[in-house]
Amino acid sequence: MAMDDMYGSSDEEYYNGGYDDDEYEDDYDRAPEPEYDDDLACGKAPSCRVIRKESLLAAQKEDLQRIVDLLSLKEHHARTLLIHYQWDADKVFAIFVERGKEKLYAEAGISIEEKDENPASDPSTEYTCEICFEDFPDEQTTLMECKHRFCNDCWTEYFIVKINDGKSRRITCMAQKCKAICDEGKIRDLVTTKDSDLVEKFDRFILESYIEDNKRVKWCPSVPHCGNAIRVEDDEYCEVECACGKQFCFNCLCDLHSPCSCIMWDLWMKKCDDEAPTVSWMSEKTKHCPKCYKIVEKDGGCNLVTCICGQPFCWLCGEATGLEHTWNSIKGHTCGRYKEGHSKNEDSVEDYWRLTHYYRRYKAHIDSMKIEASESRQKLLDKVCTLEAKDFQVKDFSWAMSGLNRLALSRRVVACSYPFAYYYFGDLFADEISKKEREIKQNLFEVQQQQLETNIERLSMFLEEPFANYAEDKLVETRMKIITLSTVTDDLCKNLYECIDNDLLVPLQQATHTIVRYRSKGVEKASEL
């Protein structure tokens, strides 16, 4: 089979305009235009922030101050409101407007006492505690804002039990059927008389409620734990990078997996854990050459490999690609398309072949990504150092590392597109998509996926070339090819995301499958609070 029939129909099919060496001949020494983030370009604030242990209190006070200013509340009342509504200040405002202040306070368990309704108590007055049924003078009792009064000893023992049970965030009044939340200042004063260490535990629980009860703030899932939390300002469906370097999906706290939805990724991880040993047996680390049948081991990230006999073939499907392997001859690559017909005797056998098909391609790209992140990166750095020592007119070689970074981002995207395809075109949405509609959508998706995959391999191929030894004119040509391919793969990644989001997921009735929006610069690094 000729190379043209395997890896794309023509360059024009994958590029927004043909590739032209002359177009860049006069400005080859110009550095590639820097990538930028749309949000920052529009003047928007960073959409995610790092909350460290020392900045946790400041982060909490930001939201508290909003409620205090709006409703003219004391800070502990504002905290009670936010804890009840899971630190969603916008929801507090909405309920305040729609239902009014009284309803807002009642649902959160807040009792606002009027100043003139609580005159100073007579010190000589004694009160009977309805818990222990003993009489106590006024100074040995405590009155909460809900107007319930008990002796200090009963209050204290009650608070100690609640704190030790981990229920510090919303300690309600001891009175029967009273749902009012106790004043945290009075809790602190009473518990201090018995156990000052327990007060620190109480304060820590109150402080950490900002993370534990807040859907827009989550602990970084790094192991060992870095101690940081991440707060997102806008959409919780996003991928972020903590200050410790850990990258993860904010919604499910798993490793990066877009454009696969969180639900699909969870299913895929469980599927891989259960059946990966069998699939791995089918996906050996070596492949047989389609010509001489010798065992070939891949030592680079590119999935276009060549046997010692000279036969090039595709690592993904194992088929020969022909002897021609030039810039303009890679076309017709369709091995990313799943073809039925391995065995239709039993559904379980067909499902096994489907899993093998998608898993092998997913795993091949993940393995390539790991190689490119370690071995290929070091080789590229060495080539850049060699070029910098030469007296070339070209002085900026950042295009090489930019190309490698683009390769890493695109490689992860295409890898995670296979788990998405496994579930979307399988039985997960069988009740919502007809067979004919599924075939149309699968063809649309696979065209996008295949174009991206083809150009990823092209980019990987040119990055692995020994361009440090090239003459300057050939180096300029390679430079422009890498820059052009980096731009093309970026556009194709965006197109794949739009295809999945707009053409595949939006028409579904199930709104539980959401993917993050595509970012050309990759995962957003959380800024310091």
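The values are calculated or read from the model by the stated rules, or taken from the named source; none is laboratory data. Just so you know, these numbers come straight off a predicted model, no measurement behind them. All Cβ positions, glycine included, derive from the backbone under ideal geometry; neighbour counts span all protein chains shown. When the accessible area is computed, the model is the full protein with side chains, heavy atoms only, and any ligands, DNA or RNA have been set aside. Shrake-Rupley method; radii C 1.70, N 1.55, O 1.52, S 1.80 Å.
Quick check on the range 451-461. Is at least one of its residues more than 21 Å from Leu409 (Cβ to Cβ) and open to solvent by 10 Å² or more (accessible area, probe 1.4 Å)?
no
Take the range 488-529 and flag every residue that is outside any loop (DSSP other than H, G, I, E, B) and farther than 27 Å from Ile230 by Cβ.
Residues satisfying the conditions are Val488, Thr489, Asp491, Leu492, Asn495, Cys499, Asn502, Asp503, Leu504.
If Tyr28 satisfies every condition in (1) surrounded by 13 or more Cβ atoms within 10 Å (Cβ to Cβ); (2) at pLDDT 90 or above but one, which is the exception?
(2)
How many residues does the range 197-207 hold that are open to solvent by less than 70 Å² (accessible area, probe 1.4 Å) and free of Cβ contacts under 8 Å to residues at least 60 places away in the same chain?
6
Going by the conditions given, is Ser374 in contact (Cβ under 8 Å) with a residue 40 or more places away in the chain and over 30 Å from Pro507 (Cβ atoms)?
no
Suppose we keep only residues that are loosely packed, with under 15 Cβ neighbours inside 10 Å and over 15 Å from the mean Cα position of the chain (by Cα) within the range 245-274. Which one would you say is modelled with the lowest pLDDT?
For the range 245-274, the residue satisfying everything is Asp274.
How many residues does the range 209-242 hold that are surrounded by fewer than 19 Cβ atoms within 10 Å (Cβ to Cβ) and free of Cβ contacts under 8 Å to residues at least 60 places away in the same chain?
Residues in the range 209-242 being surrounded by fewer than 19 Cβ atoms within 10 Å (Cβ to Cβ) and free of Cβ contacts under 8 Å to residues at least 60 places away in the same chain: 9 in total.
Can you find a residue in the range 55-62 that is of a type in the set (S, T, N, Q) and crowded, with 20+ Cβ neighbours inside 10 Å?
Within the range 55-62, one or more residues are of a type in the set (S, T, N, Q) and crowded, with 20+ Cβ neighbours inside 10 Å.
Restricting to the range 470-491, name every residue that is open to solvent by less than 10 Å² (accessible area, probe 1.4 Å) and either closer than 18 Å to Arg411 by Cα or in contact with a Cys (Cβ under 8 Å, 6 or more places away or on another chain) (or both).
Scanning the range 470-491 gives Ile482, Leu485, Thr489.
Among the residues of the range 411-446, write down those that are more than 21 Å from Trp353 (Cβ to Cβ) and surrounded by fewer than 16 Cβ atoms within 10 Å (Cβ to Cβ).
Asp431, Glu432, Ser434, Lys436, Glu437, Ile440, Leu444
Of everything in the range 48-81, what is in contact (Cβ under 8 Å) with a residue 60 or more places away in the chain and part of a helix (DSSP H, G or I)? Give them in sequence order.
Lys53, Ser55, Leu56, Leu57, Ala58, Ala59, Gln60, Asp63, His76, Arg79, Thr80
In the range 108-121, which residue that is of a type outside the set (Gly, Ala, Ser) and out of contact with any helix residue (DSSP H, G or I) (no Cβ under 7 Å at 6 or more places or on another chain) is modelled with the highest pLDDT?
Restricting to residues being of a type outside the set (Gly, Ala, Ser) and out of contact with any helix residue (DSSP H, G or I) (no Cβ under 7 Å at 6 or more places or on another chain), the top hit is Glu113.
Of the residues that make up the range 181-194, is at least one in contact (Cβ under 8 Å) with a residue 60 or more places away in the chain, open to solvent by less than 20 Å² (accessible area, probe 1.4 Å) and either over 21 Å from Tyr85 (Cβ atoms) or not in a loop (DSSP other than H, G, I, E, B) (or both)?
Checked the range 181-194: no residue is in contact (Cβ under 8 Å) with a residue 60 or more places away in the chain, open to solvent by less than 20 Å² (accessible area, probe 1.4 Å) and either over 21 Å from Tyr85 (Cβ atoms) or not in a loop (DSSP other than H, G, I, E, B) (or both).
Evaluate the following for Tyr36: is it open to solvent by less than 70 Å² (accessible area, probe 1.4 Å), under 31 Å from the mean Cα position of the chain (by Cα) and either among the β-branched types (Val, Ile, Thr) or modelled with pLDDT under 90 (or both)?
Here the answer is no, as Tyr36 does not meet what is asked.
How about the range 155-176: which of its residues are part of a loop (DSSP other than H, G, I, E, B) and open to solvent by 20 Å² or more (accessible area, probe 1.4 Å)?
Asp165, Gly166, Lys167, Arg169, Arg170, Met174, Gln176
For (1) under 21 Å from Phe202 (Cβ atoms); (2) of a type in the set (Lys, Arg); (3) at pLDDT 90 or above; (4) over 29 Å from the mean Cα position of the chain (by Cα), each residue gets a yes or a no:
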residue: Gln65; (1), (2), (3), (4): no, no, yes, yes
residue: Ala78; (1), (2), (3), (4): yes, no, yes, yes
residue: Ile83; (1), (2), (3), (4): yes, no, yes, no
residue: Glu98; (1), (2), (3), (4): no, no, yes, yes
residue: Glu102; (1), (2), (3), (4): no, no, no, yes
residue: Ala106; (1), (2), (3), (4): no, no, no, yes
